[in-house]
Amino acid sequence: MKQISIATVFLLLFSICAVPVLAADTFDLVIPLPLTGKPAKFGEIMKRSYELAAEEINAKGGVKGKKIALSFEDSNGKPETARAIVEKLIDSKKQPIIVGEYTSSCAKAVAAVAEERKTPYLVVASADDDITQKNYKYVFRQNQVNDHYADALVSFIKEVVKPKTIAILYESSAFGTSGADAMERDAKKMNVQVLLKEKFETGAIDFKPLLSKVKAAQPDMIYTVAYANEAQLIMKQAKELRIDAKLYAGGAAGFAIPEFIKGAQDAAEYVVSATLWTPQLKYPGAKEFADKYKAKYGDYPSYHGASAYAALFVTADALNRAKDWTPESIRDALKATNLKTAYGPVKFEDKDGYQNQNFAETLAIQVQKGEFETVWPKAHASKPYIFPVPAWKDRK
């Protein structure tokens, strides 16, 4: 009996000791994302991109010799769910860095938890200016802020379109509201009269009453900030109502993903949108990432995917440079980031009222023959822009 007991004890001790050894072979990273609900399409693009990045990083040895073990938790695009996920990750799992989320409302909830718990948080695709304007020390944002999302588009409008009037339509989220406010400020700077600025609810399907007001106002240009379904429906219904304008333009998001062209079909043609990245950019690794994504999933990724892909390399870079994997050391390493990625240069700065903000270059894309083409700035153009835009009755 004694021999059995000793053997059993030895076996138990061996098992207990073996667990940390196995766990020590990986760096476990759980990423909160909307994998169901309205923003699920964006979550899907980002999830795929994180996974491609993890494969590449692990193939090159991982971080400090450990493989990154990715997993995901579905926030459903709900701030309270995102908050609960991150509280669990920090308090129970002791995860020393948070990466991810998509909507601005979710990112704001996560940022508040991360700052409170003194855990670094890398924002990847959430644009509400407020996120990096709170003097947070642990919150870093890789993507551009809403106030600058449309910088390239505004330049295009000013130099090419030269409208006298504009109508602004926007989805009633933090992202939509701040994006509409930013365009209103830009319009005033360009001496473009804002004829109407109208909000619509997420999930709306009948935009004809709203678009009828736009048609009556007869603006030179129509600018819309919307997520996927709404962007498609607005353009299809604008075509049905034959609302002609010098330009239809989108504030990125739902206007800058492949599903926009698929859903809006020929109504998407000639639409110009702000974006933060395109597959045609000459950043190191951009083409390789875009081609790999398309080969695996059938479409090129949007800027959301490129940012997610790059974010994992930014995370790995910080983990490799951190003196240890405490939240404080990782925070210090993120602060010192100066990295060239497939998404573009990443460097977190404190300026213009923002903290730990990466000020990335923006672009304008146009749908031409059913494909996105980079049209502005000219230095990045894959094809020349098409302007003036033909009236609906003159389109084939």
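In table form, for the structure just shown:
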| item | result |
| --- | --- |
| Selection count, the stretch 50-67, where residues are without any contact (Cβ under 8 Å) to a residue 24 or more places away in the chain and basic (Lys, Arg) | 1 |
| Residue satisfying condition, being farther than 30 Å from SER382 by Cα and not in a helix (DSSP H, G or I), within set ASP332, ASP299, ASP324 | ASP324 |
| Residue count, the stretch 168-220 (criterion: at positive phi, touching a residue at least 12 places away in the same chain (Cβ under 8 Å) and open to solvent by 60 Å² or more (accessible area, probe 1.4 Å)) | 1 |
| Residues satisfying the stated conditions in the stretch 348-394, i.e. of a type in the set (D, E, K, R), within 16 Å of HIS148 (Cα to Cα) and not in a loop (DSSP other than H, G, I, E, B) | GLU349, ASP350, LYS351 |
| Members of the stretch 126-143 that are open to solvent by less than 10 Å² (accessible area, probe 1.4 Å) and either closer than 21 Å to THR326 by Cβ or in a loop (DSSP other than H, G, I, E, B) (or both) | SER126, ALA127, VAL139, PHE140, GLN142, ASN143 |
| Options LEU70, LEU89, LEU33; residue that is over 22 Å from ALA127 (Cα atoms), out of contact with any His (no Cβ under 7 Å at 6 or more places or on another chain), open to solvent by less than 10 Å² (accessible area, probe 1.4 Å) and in contact (Cβ under 8 Å) with a residue 12 or more places away in the chain | LEU89 |
| Residue that is nearest to the chain's Cα centre (by Cα) [pool: residues in the stretch 100-118 that are surrounded by 24 or more Cβ atoms within 10 Å (Cβ to Cβ) and in contact (Cβ under 8 Å) with a residue 40 or more places away in the chain] | TYR102 |
| Close pairs from the stretch 270-292: first assigned to a helix (DSSP H, G or I), partner of a type in the set (S, T, N, Q) and surrounded by 17 or more Cβ atoms within 10 Å (Cβ to Cβ), Cβ under 8 Å, at least 6 apart | PHE289/SER49 |
| Complete set of residues in the stretch 87-116 that are of a type in the set (S, T, N, Q) and closer than 16 Å to LEU334 by Cβ | GLN95 |
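The values are calculated or read from the model by the stated rules, or taken from the named source; none is laboratory data. Computed from a predicted structure; not experimentally measured. Neighbour counts run over all protein chains shown; Cβ positions are idealised from the backbone, glycine included. Surface accessibility is based on the protein's heavy atoms, side chains included, excluding ligands, DNA and RNA. Shrake-Rupley method; radii C 1.70, N 1.55, O 1.52, S 1.80 Å.
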